[in-house]
Structures are given as C-alpha cells and as structure tokens.
Amino acid sequence: MNRREKEQYLREYAVLKSKGKPFFPYVVAKDGGMVIVVIGTILTLSYLLGGTIASKADPTTTTWVPRPEWYYYFVFELLRVVKPSSITPLATVGIPTIALLLLLLLPFYDRSPERHPLRRPVATTAGVLTILAMAYLTWMGAEGGAPSSIDMKTPPSIVKEGGAQLALYEYGKEVIPSSGCLACHKIGENGNPGPGPNLTRIADRLPEAGIAQTLRNPTAPMPSFKNLPPQQFKAVVNYLSTLTKEHEEEK
Amino acid sequence: MLKLPSVPGATPPRPGTPAAEPKTKLDNAAEAATAALGWLDERTALSGTARFVMFRKVPKGTNWFYTLGTSTMFAFMSQVITGVILAMFYDPSPNRAYESMRYINNDVWAGQFVHGMHRWGATVMVIFIFLHMGRTFFFGAYKYPRELNWVIGVLLVLLVMIMAFTGYLLPWDQRAYWATAVGVNIFASAPIAGPYLGDFLRAGPDFGATTLSRFYSIHMLVLPGLIMGLIGAHLYLVIKHGTTAPPWVTAELDEELRSEEV
Ligand code: HEM
C-alpha cells in the first residue's frame, strides 16, 4: 500500500467508524453472549467427558499407543504421508516451520489494499486450501490407526505353513503395535522413522537370538522389554525374525 | 477530537436540588461508591481512558465474527483460573505427579471437574484462536495499519500450541508419557537444530524425571507470562486502531453518502 492508499483507507475507516455504534453496550452485549457460549461449552465438555487419566506412566511397558491431542494429528499424520524416511524430518518440522513463517510475514508480502475475500483470489484460495489440508490430515489422523496396527500382507509362504507358526506370526503382528514399538520404529510403511532403526528387514541383519537379546537388553533410548509376558515376548521375536528381504518381496 | 461527557460521580451534588426526599440506604451506597471512584480517579486519571474504551465507536457492520477474539481471551482466562487451582494440588515430580493427579480427580472437591475444564478448555481455546485467526485473515484485517497486531497474533498461536504440548505431559500417565516422548522425538529429528532442541526439551539425553519439571515450569510460568504480555499488547493495538469494518462495508457504497453526492 502506498501513501495515498493508506490515507484513503484511514479516511474511509474514519467515516465508517463515525457512523458506527458505541462499544458499550452494543459490542459488549454481543461479546458477552458469545462468552457465555464459550464458558458453557467448556463446562459442558468437562461435565460430559471429565478429566480422566490413564494408568501411570511406565517407561518399560508401553501398552499405550502414543497419540497426541487431536489438534496435533496433522503433524503426526505428516509422518505417514511423507513416505521416504530420509525426508520425513524435513516434512514434520519443516512444513510447520515454513507455514509459520509464511503466516508471520503475511502482512509484509501481501501489500495490496484490497480487503474483500472475493477480490483477493490468491490469498483466499491459499487460505481455503490450507484449511482443507489441515482438516484432511486431522481427519486421517483420527481415522487411521497408525501406528496402532501393522498394515502389511502376510507373506504367502507363511500362510502356506499355517498352523501354530501362522498363529504366532499373527499374534506378534498384533503385539508389536500395541507395545509402542512403532513409536520409534518403522516396519514397512508403518510407524515412525526414528529414533530406532527401520525394522522392515531386521531379520537380514540380526538373528533371532540377537533380536531377543536386543529386546531384553537394549541400548538407550529403547526401553527394555524383558518384562513382557513370555508368550508375547516369543511372538514379538518370532514376528521380527520373519522380516527378511525375501519375505518382503514375496508379496 | 472526541468530546467526552463529564464523569457522573466526580461532580459534587448540585446545590439547590430538591431536598424533599430523605436519603435512602441506596443513595448512601451510591454516594460512597462514587466517592471511592472519585478518589481513585483523582489519583490515576483513568476515568477518561475507561470512558474512551467503553464508549469508543465501533464501525458499522461489526458482526458476530468479531466476538471470536474476546472468546479466545475468556477461554484463556478460564485456563488461568483452573490452572491455578490445579497447581495448588499438583506435584511436578515423577514419583508424585501421577498420584497427585489421581488425588485431584478422586479426593479434591470438584477436582475432576476443574481438571476437565482445564483439559477441554485447552481444546476450546485452540479452536477459537484458529477461528479468530481465520476471521482476521479472510477479512483482510492484517493489512495496514494492523500488521503488527497480526504478527503478535501469530506468536500467540505458536505459544498456545507449545502450551498445549507441554501441558499434555503433566498428568504423567501412559498417554501423556508416550505421546510426548514421540513428540519430542519428532522435534529432535529436525535438521541442524533438532538435536539441541531435543536435549533442551528433555533436559538431558533421556526422557524422564527432569523433562517433567522442565515442562511444568515452561507450562505454568514462562508461557502464561509471555501470553499475558502479548495479549495486553494485542488489545492495546486493537483499541488504538479500532476494529476493522467488514470488507464488504465501504463508505463509497454507503447509501446516505451516495445520496449526498447526487
Ligand atoms: C490469545 C489469543 C488472542 C486473543 C485473546 C485475541 C484478542 C483479540 C480481540 C479481543 C480482538 C478485537 C476484535 C475481535 O475480537 O475480532 C482482536 C483483534 C485482532 N486480532 Fe486477535 N487475539 C488473539 C489471537 C490472535 C491471532 C492468533 C491472530 C492472527 C494471527 C490475531 C489477529 C488479530 C487482528 C489482525 C485483529 C484486528 C482485527 C480487526 O481490527 O478487525 N489475534 N484480537
């Protein structure tokens, strides 16, 4: 906005203001009505949903699927949407940072005097698209079980084997996501890319005994899982020891 | 310049007013109140400011979308009050945090209700701050002369989101612990500054005891102070510049003005 446009705006604003109504009581009444709605909503939500707490934090038994508050789902969801693990940090931290900078500097690069949303097509479109993208990611985060389940086909050779081995395999596939492993590990496209290594082909580099040893006695920050019930422990180790390149390519 | 009406209470009762009716208790109370206000005003000279704030004109067309900022502020005030109450019982040590939350929920009178208000108030505040930001965005209210107010607003969004993040850990239950562990990991995976940020948030290499007390002091001392200061600056600028008129209300299109021109 150049000087003329600024002055024109101030003049027009002065006219509109002089034709307006006093803050008290007109705006105070409207604001007051809305404040009653706001506080009423908080009271109602608290009455209906309360302030529940889960079981006490326990760094050694992760029976809880790590999930942030719903308004952080979109960050969480970026982890899953952006597939190649080498660029996920850029996405999960980079995208919100860039968005924040774009917002912060908005008045400095959008300098046109136009204020009507329909006559600011670029700004309005960008705003609507941002809202849609965030709504979509939030919805995905609420819908998708990630990382509470492993979304991978059972390799045909294991299906063919059937019986106890297949049952143990399926059990392990359930136990792993419900033990919080996917908070730190990625198996296939499931879970977080860090801080633990990708486990998609773990059996190619670590024998079954080595996996069991890692679970009992890991290096920090991975917690020890030696307190898992034996059946679950066995299932986890068994499942991981089937994760080979060979099995992956079968599918 | 705006001509202000005189302060009602500051002038002494006019001589010669009919003394017929005897003074009631109500009259005495009213007199005492105006005397007290007069005393305050004599020393602060705030009544002019108060009158300016309350009776300043608000442009034509101001609608319900303009209540979203005030709504955010009241949600924040609710958070402050419930937060202060929770802090009376909460103990930020890893051995006691969870038990103190249990105590608040089960034994403190209305404890779970206040806890619930704080939990859901956070959600409500996040919703309203985004609605308010959306309103000012689509109305073009961030343009001259209100750019600085927009910048302050974006900082407020950032602080409120960090507020929600740090508060989530405090109950020290499984949900809090694991969600925040993952959250910190995400921050720590950032390029360049990530590892330092991770160490700072965890208060050391491991996520644990020290993390909790660090989050607590950030959540209940550092951020509320910053947010209050910024809200103060925000409101000062709102009053100084006045709130915008909706962009579709323009002086040229105003019918009276047009008929004047003809
Ligand atoms: C704690 C958070 C906030 C509080 C308590 C707050 C409060 C207020 C209030 C009471 C107003 C008066 C008009 C209205 O209510 O619409 C206002 C105006 C404004 N706010 Fe906020 N606000 C907050 C956050 C934000 C954010 C996040 C932004 C944008 C990034 C923002 C940008 C603005 C702008 C540009 C105005 C001027 C609007 C106009 O003149 O029409 N505020 N704020």
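For the protein assembly as shown, what % of the accessible area comes from carbon and sulfur atoms, probe 1.4 Å?
Details: 18630 of 27770 Å².
The computed percentage sits at 67.
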Compute the helix-to-body angle for A:230-240: its Cα long axis versus the longest principal axis of chain A, expressed 0 to 90° and rounded to tens.
80 degrees
Result for interface chain A to chain B, accessible surface buried in total, 1.4 Å probe, Å² to 100, stands at 7700 Å²
What residues of segment A:177-191 lie in the reach of a label at A:Asp204, counting those whose backbone N is under 14 Å from a point 7 Å from the Cα along Cα→Cβ?
A:188
Using only Cα atoms, find the angle between the long axis of helix B:147-169 and the longest principal axis of chain B, and express it within 0 to 90 degrees, rounded to the nearest 10.
40 degrees
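Length gain on complete extension for the stretch B:Thr24 to B:Val80, per 0.36 nm per residue less the alpha carbon to alpha carbon distance?
Extending this stretch completely gives an extra 16.1 nm.
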Anyone know which of B:Leu26, B:Leu158, B:Leu226 comes out most mobile in the 10 Å Cα GNM of chain B?
B:Leu26
Under 8 Å for C-alpha pairs, at least 6 residues apart: give me the relative contact order for segment A:156-250, rounded to a whole percent.
32 percent
Rounded to the nearest 500, what is chain B's calculated 222 nm mean residue ellipticity when only DSSP H runs of at least 4 contribute -39500 (n - 2.57) each, over all residues?
-21500 deg cm²/dmol
With each label point set 7 Å from Cα along the Cα-Cβ vector, what nm distance links A:Leu49 and A:Glu7?
5.4 nm
Quick one: if you stick a label point 7 Å off each Cα along the C-beta vector at A:Ser178 and A:Lys17, how many nm between them?
6.4 nm
Taking Cα centroids, how far is segment A:167-190 from segment B:138-194 in Å?
30 Å
Rounded, prolate or oblate: pick one for chain B, where a ≥ b ≥ c are the square roots of the eigenvalues of its C-alpha gyration tensor, a/c under 1.5 means rounded, and failing that, prolate if a/b is larger than b/c, else oblate.
oblate
Can you tell me which of B:Glu99, B:Glu31, B:Glu21 moves the most in a GNM of chain B? Springs connect C-alpha atoms under 10 Å apart.
B:Glu21
From Cα pairs below 8 angstrom and at least 6 apart in sequence, can you work out the relative contact order of chain A, rounded to a whole percent?
21 percent
Inter-label distance for B:Asn63 and B:Ala36, nm, one decimal - labels placed 7 Å from Cα along Cα-to-Cβ:
4.2 nm
FRET efficiency, 1/(1 + (r/R0)^6) with R0 60 Å, evaluated for A:Asn227 and B:Leu235 via beta carbons
0.65
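Grab the DSSP H runs of chain A that are 4 residues or longer, score each as -39,500 (n - 2.57), total them, divide by all residues and round the 222 nm result to the nearest 500 deg cm²/dmol.
-16500 deg cm²/dmol
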For chain A, what log10 I(q)/I(0) values come out of the Debye formula at q = 0.07 1/Å, with one point per alpha carbon and no solvent?
-0.44
For the protein assembly as shown, which semi-axes, largest first and in whole Å, follow from the square roots of 5 times the eigenvalues of its Cα gyration tensor?
56, 30, 18
Counted charge near B:Val184, where neighbours are those whose Cβ lies closer than 13 Å (Asp, Glu -1; Lys, Arg +1)
0
Zone of A:Thr154's modelled label, taken as backbone nitrogen in segment A:165-184 under 14 Å from a point 7 Å along Cα→Cβ:
A:165-175
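With the Cα gyration tensor of segment A:1-53 giving a ≥ b ≥ c as the square roots of its eigenvalues, does the rule (a/c under 1.5 for rounded; else a/b larger than b/c for prolate; else oblate) give rounded, prolate or oblate? Write out the running numbers ahead of the final one.
Values: a/c = 8.70, a/b = 2.46, b/c = 3.54.
Here segment A:1-53 falls in the oblate category.
How high is the relative contact order of chain B, given as a whole-number percent (alpha carbon pairs under 8 Å, six or more residues apart)? Don't skip to the end; give the middle numbers.
Working: 178 pairs, mean separation 54.0, N = 262.
Contact order relative to length: 21 percent.
Using r as the Cβ-Cβ distance of A:Ala167 and B:Met54, and R0 as 45 Å, what FRET efficiency do you calculate, to the nearest 0.05?
0.05
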Whole-angstrom gap from segment B:103-137 to segment B:25-73, using each part's C-alpha centre
28 Å
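The values are calculated or read from the model by the stated rules, or taken from the named source; none is laboratory data. All figures in this text were calculated on a predicted structure; none of them were measured in a lab. Don't worry about glycine lacking a Cβ; one is built from the backbone with ideal geometry, like all the others, and counts go over all protein chains shown. Remember, those area values only see protein heavy atoms, side chains included, never the ligands or the DNA or RNA. Shrake-Rupley method; radii C 1.70, N 1.55, O 1.52, S 1.80 Å.
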